[in-house]
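Please read the structure below before turning to the comments.
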Amino acid sequence: MELDLTDKKILNILQTDFPISERPFETIGSRLNISESEVIGRIIALKQNKVIRQISAIFDSHNIGYKSTLVSFKVPEIAVDFAADVISGHKGVSHNYLRDNLFNIWFTITLPPEADLEEEIKLLAKSSQADDFLILPTLKLFKIGVNFDMTGDDNLPFNFFSHDDFKKDSEISINDFERDCIRELQKDLDIIPEPFKDSSSRLGISEGELLNIISQFIDEKKMRRFACVLYHQKAGFSCNIMSIWKSKEEEIEKNGKLMSDIKEVSHCYQRPVYPGKWEYNIFTMIHARSEEEAYSIMKMVADITGIKDYKALKSIKEFKKVRVKYYI
């Protein structure tokens, strides 16, 4: 699909500043001096052409009581497809990739509060015939927030999530009604003039009350934002690379913040090391329009931080990529 400037402006608004209102597409139209019906038509076309993956609430799993981690399995080459099927079959696994490393299968797993995360991973390792595995939870989140600037407007407003937004475990409390709201708001939004009407009806509340709940969820950091998620290749960002960095322990904080200031870095985490087995302590995701640009950004990060030991964990094959479904 060939995107014109209006399409790109709509995509920027949907990613960064979705209007929390009864008629959000009318509001977007007013900003761009086009009609509500044109906005709706363009968004429907963008979805049909697989530029937009979904428009919905993006919740923070930790702040709504879930636990998650990045995991890597070392699987013999002959067993990769079998192992990938086993891992992808777990309902808590949202992303699963074959990557260019001795630890070759990388996945994220997100589970409800009552689950034993480590035990689930051990069972998966056994059933998938993994020789070894790494459990790599977030020790510190420096940045999370995928945002593809479609117009090149450096002044685009975007507030990414960081460690300061994490709640202490003792502060996390989700009641039954909030769970019902989470179930509704994580659904793909209907592209109609009043898209929140049916959800509010199913919840037995008014549209205004539902919009207030969305705003409250955002204020309380339970929801990172209400926004669209793009198919990044169709949006023009054809290359995304997981980069791993071996930072001096005393410089992790400084380097994590430096990396987070780079707009092409969408994710930046401190993760644990396993001495003698795995010693990379900062992970980033870099999104770029080409592999050449991605490696150029990695070189820039290395120059800025002074880190000499770093690698790109290139994705060889995508086994699974879905949104996490909470409280289902």
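The values are calculated or read from the model by the stated rules, or taken from the named source; none is laboratory data. Computed from a prediction, not measured in an experiment: that's the story for all the values here. Here Cβ is always computed from backbone atoms with ideal geometry, including for glycine, and neighbour counts include all displayed protein chains.
For the reader, a short list of remarks on this structure follows.
- Test: residue in region 114-132 that is among the hydroxyl-bearing types (Ser, Thr, Tyr), at pLDDT 95 or above, outside any helix (DSSP H, G or I) and surrounded by 18 or more Cβ atoms within 10 Å (Cβ to Cβ): yes
- Any hit, region 22-33, residues being closer than 27 Å to SER238 by Cα, of a type in the set (Phe, Trp, Tyr) and either touching a residue at least 12 places away in the same chain (Cβ under 8 Å) or not in a helix (DSSP H, G or I) (or both): no
- Scanning region 163-193 for residues that are at pLDDT below 85 and surrounded by fewer than 17 Cβ atoms within 10 Å (Cβ to Cβ), we see that the one that is nearest to GLN54 (Cα to Cα) is ASP165.
- MET242 among the hydrophobic types (A, V, I, L, M, F, W, C) and either crowded, with 21+ Cβ neighbours inside 10 Å or assigned to a loop (DSSP other than H, G, I, E, B) (or both): no
- PHE18 being aromatic (Phe, Trp, Tyr), under 30 Å from SER173 (Cα atoms) and either touching a Lys or Arg at 6+ places or on another chain (Cβ under 6 Å) or at pLDDT 95 or above (or both): yes
- Residues within region 279-324 that are within 19 Å of LEU230 (Cβ to Cβ), part of a loop (DSSP other than H, G, I, E, B) and either of a type in the set (A, V, I, L, M) or in contact with a helix residue (DSSP H, G or I) (Cβ under 6 Å, 6 or more places away or on another chain) (or both), tallied: 2
- Filter result for GLU264 (under 21 Å from the mean Cα position of the chain (by Cα), crowded, with 20+ Cβ neighbours inside 10 Å, more than 30 Å from ASP85 (Cβ to Cβ) and not hydrophobic (A, V, I, L, M, F, W, C)): yes
- Candidate set: region 279-328, residues that are of a type in the set (Lys, Arg) and in contact with a His (Cβ under 9 Å, 6 or more places away or on another chain); chosen: the one surrounded by the most Cβ atoms within 10 Å (Cβ to Cβ): LYS320
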